[in-house]
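So the structure is just underneath, and the comments pick up after that.
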Amino acid sequence: MDFVYLLRVLMKRKWIIAACAIIAAGIAWYFTKDEPQQYRSISQVSTGFTTNDVINVKEDNNFFEADTKFNNAIVTFTSPTVMSLLSYSIVLHDLENPSQAFRLLTDEQKKSPVYQAVNLNEAKNVFSEKLNSMSVLTSYKPQEKKLLEFLKLYGYDYNSIASSLNVYRLERTDYIQIDYRSENPELSAFVVNNVFKAFVRYYRFIRNERSEESIDTLKSLLEKKSQDRAQKNQAIASTGLLNITDASKSSFDLISTLQQTLDDEQDKLTTNQIALTSVNNQLAALGAPVQTVDNSEVLDLKRQMNAANQAYLNSGSTDQNLLNQYNNLKAQYQNKIKSVGSNLGTSSSLDKSTLLQRKSDLEVNIDAEKIHIASLQGKINQLQGNVNTQATKSANAQSLSKDADLSDKEYLDLLEKYNDAVDQSNALVNNFHQILVGQPAIEPEPSKRFLIVGMAGMAAFVCTILIIVFVTYLDSSIKTPAIFSRVVSLKLLTMINFTSLKNKDLSQVVANTITTEDAVEKRRDNKFRESLRKLRYEIENSGKKIFLFTSTKKGQGKTTLIQALSYSFSLSKKKVLIIDTNFCNNDLTVQLNGTPVLEKIIADDVDDNMIAEIQNASVNAHAGMIYVIGCSGGDYTPSEILPAQHLLRHLHKLTTVYDFIFLEGPPLNDFSDSKELTSYVDGVVAIFSAKHIIKQIDKESIKFFKNLNGKFCGSVLNMVQLENLDDV
C-alpha cells in the first residue's frame with residue numbers, strides 16, 4: 001500500500017526527476033567537450049614467479065608465495081622512487097630534444113614564476129645526477145623544491161604520472177602488464193618502456209643491498225663456526241685420544257691370543273706332569289699291564305673351557321659370571337687329566353734306561369713351561385690394566401667426538417645456506433624480462449564522453465529519486481487513508497480532497513454552478529462534491545440529528561467543512577441550523593454573518609413562541625435552508641459563559657423545525673469545550689487534516705473519541721491530495 005503511494009509521489013514529481021537528470025547530463029556534456037584524446041600503450045613483463053621454464057638455481061617453486069611476490073613487484077613499480085626516476089627520464093628527453101618533446105609549455109606557462117625560477121642547464125644536470133644515483137628530489141631543499149614544481153608544471157610529477165599508469169598482474173599468468181594513457185602516443189610508449197628499466201635498476205639495487213647484508217651476516221657466522229670446529233678437532237688431537245677405540249680393540253685381541261697360548265701351555269704342563277707321574281710309576285712297578293684311556297671327555301672339557309674364556313674376554317673382562325664359569329670348567333678339566341693319568345698303565349716293553357731318559361726330558365719341559373706360563377700371565381695382567389685405563393679415556397673421547405660432529409653439521413648447514421644466498425643474489429633479478437615492448441598507438445582510445453554524460457544523468461536521476469523517497473519517508477503526516485487507518489485507527493466516514501477556494505464561492509462549488517477552464521481544477525471540484533455527498537449520506541443514515549464537529553488541533557478545516565456540508569444538505573432540501581460553539585475562534589459567525597446571541601439566549605421552557613424567537617435570532621445564511629446562531633467569542637468555556645437555562649439544553653426540541661443541527665467545537669488538544677459539548681449532541685464527528693502529523697497529544701484526544709460510548713460517529717480525513725484518494 002505504501003509502495004503504491006510512493007510510486008504516485010514519484011510520478012507526481014516525474015518532471016522534476018527528469019529535469020534533474022537532463023541538467024546533470026548537460027553539465028557533464030559541457031565540461032567534457034574539450035576532453036583531449038587519449039593514446040594507450042601497453043608493455044608486458046615476465047616475472048618467473050610461477051614458471052620454471054628457465055634454469056633455476058633452486059629446484060623448489062613455492063606457488064603460495066607467488067601472490068606476495070607479484071604484489072611486492074607491483075608496489076615497487078608504482079613506488080615514488082621508480083616514478084621519480086621515470087619522471088627524470090621524461091623531462092630530460094623533453095629538455096634535451098626540444099624538437100621532439102612530448103609536451104610543450106604554453107607562453108603563459110613559460111612566463112610563470114615556477115618556470116622563470118629554474119635554470120634549464122642546471123636542471124638538466126640535477127635530473128641526470130638524480131637519475132644516475134637513483135636518488136629522489138626532496139621538498140626540504142629550496143632548489144630541489146623548485147625542480148619538483150617544475151616537473152608539476154610539465155605534468156611529469158609523481159601524482160600526474162601515477163594517475164595515468166596502471167600496473168597489474170594478468171590473471172592466471174606469470175606476466176605483469178603496464179598500461180599508460182596520455183595525449184601523446186610517443187609519450188605513452190616511452191613511459192611503459194622506461195618504467196620497466198627504472199624498475200629493474202631499482203629492484204636490482206635493493207635486492208643486491210639486502211643480499212649483501214644477508215651474505216655478510218652468513219659469512220661472519222660461517223667463519224665463527226669454522227673456528228669453533230677447528231678448536232674442537234684440535235682439542236681431540238691434543239688429548240691423544242683419536243685412536244682410543246682402535247687401541248682398546250687391539251689390546252682385547254692380544255689378551256685373547258695370549259690367554260689362548262697360556263691355556264695351551266698349561267695343557268702341555270699338565271700333560272707333561274701326568275706323563276712324568278706315569279714314568280715314575282712305571283719305574284716303580286715295571287712289568288704292570290698298560291691300560292687304554294678314552295680322551296674324548298678331556299677334549300670336550302677343553303673346548304668348553306676355551307669358549308668360556310673367549311666370552312669373558314669379549315665382555316671386556318668385566319663379567320664376573322663368565323669368569324666363574326671359566327674357572328669351574330678349568331678345574332674340571334685339570335681334575336679329569338689327573339684321573340686319566342692315574343689310570344695309565346705301564347708298558348712292559350719299556351726298559352728302565354728309556355724311562356729314565358724320558359723322565360729327564362719331561363722334567364726339563366715342565367720347568368720351561370712353568371717359566372713360559374709365568375711370562376704369559378704377567379703380560380696378560382699388564383694388558384688388562386691398560387684396557388681399564390683406556391676405557392676411562394674412551395668415554396672422554398666419545399664426548400669430544402660428539403661435540404666435534406655437531407660442530408661439523410652446523411658448519412655444513414651454514415655453508416649450504418651461504419652458497420644458496422650467493423646463488424639467489426645473482427639469479428633473482430635476472431628473472432624479469434620485457435616480453436612485449438610498448439609501441440605508440442595508431443588510434444586514440446574510444447571517447448568516454450557519452451559514458452560520462454550517461455552516468456551523470458543516471459546518477460542525478462537516482463539521487464533525485466532517493467531524495468524524494470527520503471523526504472517522503474521523513475514525512476509522518478497522515479496523507480493517505482492507509483496511513484490514517486494504521487496510525488489513527490478510527491472509523492473513517494469519508495475523505496475530502498483538497499481544492500482551492502481562492503476567489504471562489506463555496507456554495508457555487510458545492511452546487512456546481514461555477515465554471516473553470518483548468519481540467520485538473522475541475523476534477524478536484526467534482527471529487528470534492530462527491531466526497532461531500534458521501535459524508536452527507538453517512539450523516540443522514542446515522543439516525544442522529546445533532547452533531548458536534550471537532551478536531552484534535554486547529555487548522556483541520558472544520559469551519560469550511562461544516563459550511564460545505566450544509567450547502568450539500570440544502571441541495572437535498574434539508575434545513576440545517578449551524579450553532580457556532582467555538583468560542584475561542586468564532587469564524588463561522590464571522591464568515592456567515594451570524595448574530596452573536598448564543599451567550600444571551602435564555603430558554604427556560606422551549607415552546608412555539610420560544611422557537612419563533614430562536615428563529616428570529618438566527619440568520620438566514622443560504623436560501624432559507626441554512627441558519628446560523630453566532631457567538632461573541634472569548635476565552636471561556638460553555639459552562640462558564642452560557643446561562644443556566646441555555647439553548648443547548650433544548651436542541652432536540654429544535655429538530656422539529658430543523659432537519660440537522662451542526663455545532664463546531666474547539667480543538668481537543670488545546671481546549672476542553674468539545675468535551676463539555678458532547679453531552680448536548682447525538683453524535684461527534686472528528687476532522688483530521690491529511691497535512692498534519694499525529695503526535696502523542698493527538699493520541700490522547702483520539703483515545704477520548706474511542707470512549708464516547710456510541711456517540712462517536714466516525715472521522716473525516718480532510719485536505720487529501722487528489723492522487724491519494726484511491727489509496728484505500
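State which entries of K527/K706; K502/K706; K527/K554 exceed 27 angstrom in Cα-Cα distance in the structure shown.
K527/K706; K502/K706
With just the Cα atoms of the range 633-728, tell me how far they stretch along each of the three principal axes, in Å, largest first.
47, 31, 28
Past 30 Å, Cα to Cα: identify those pairs from K111/K448; K12/K504; K522/K573; K14/K703; K504/K653, in the order given.
Beyond 30 Å: K111/K448; K14/K703; K504/K653.
Subtract the Cα-Cα distance of L451 and K402 from 0.36 nm times their separation in residues, and report this length gain in nm to one decimal.
Between L451 and K402, full extension yields 9.9 nm more.
Report Rg(Cα)/(2.2 N^0.38 Å) for the range 486-538, keeping two decimals.
Taking N as the residue count of the range 486-538, the ratio is 1.30.
Report the accessible area of T637, computed with a 1.4 Å probe over the heavy atoms of all protein chains in place, in Å² rounded to the nearest 10.
Its heavy atoms expose roughly 20 Å² to the probe.
For K491 and A311, compute 0.36 nm times the residue count separating them, minus their Cα-Cα distance, and round to one decimal in nm.
52.8 nm
Can you spot the lysines whose alpha carbon is less than 17 Å from K268's alpha carbon? Ignore those fewer than 8 places along the same chain.
Of all the lysines, those that pass the test against K268 - Cα under 17 Å, at least 8 places apart if same chain - are K302, K330, K336, K338, K359, K370.
Which of the chymotrypsin sites (Phe, Trp or Tyr not before Pro) found in the range 126-158 are in a DSSP loop and have at most 13 neighbouring Cβ atoms, other than their own, within 10 Å?
Y140
Please list L356, L85 from largest to smallest accessible area, probe radius 1.4 Å, with all protein chains kept in place.
Final ranking, largest accessible area leading: L356, L85.
Find how many whole Å separate the alpha carbon centroid of the range 545-561 from the alpha carbon centroid of the range 614-647.
Between the Cα centre of the range 614-647 and that of the range 545-561, the gap is 16 Å.
Could you order W15, W29 by accessible surface area, starting with the largest, using a probe radius of 1.4 Å?
W15, W29
Roughly how many Å is it from the Cα centre of the range 520-537 to that of the range 144-167, as a whole number?
72 Å
The values are calculated or read from the model by the stated rules, or taken from the named source; none is laboratory data. Note that the coordinates shown come from a computational prediction; the quantities given were computed from them, not determined experimentally. Using ideal geometry, Cβ is built from the backbone for each residue, glycine included, and neighbour counts are taken over all protein chains shown. Ligands, DNA and RNA are excluded from the accessible area calculation, which covers all protein heavy atoms including side chains. Shrake-Rupley method; radii C 1.70, N 1.55, O 1.52, S 1.80 Å.
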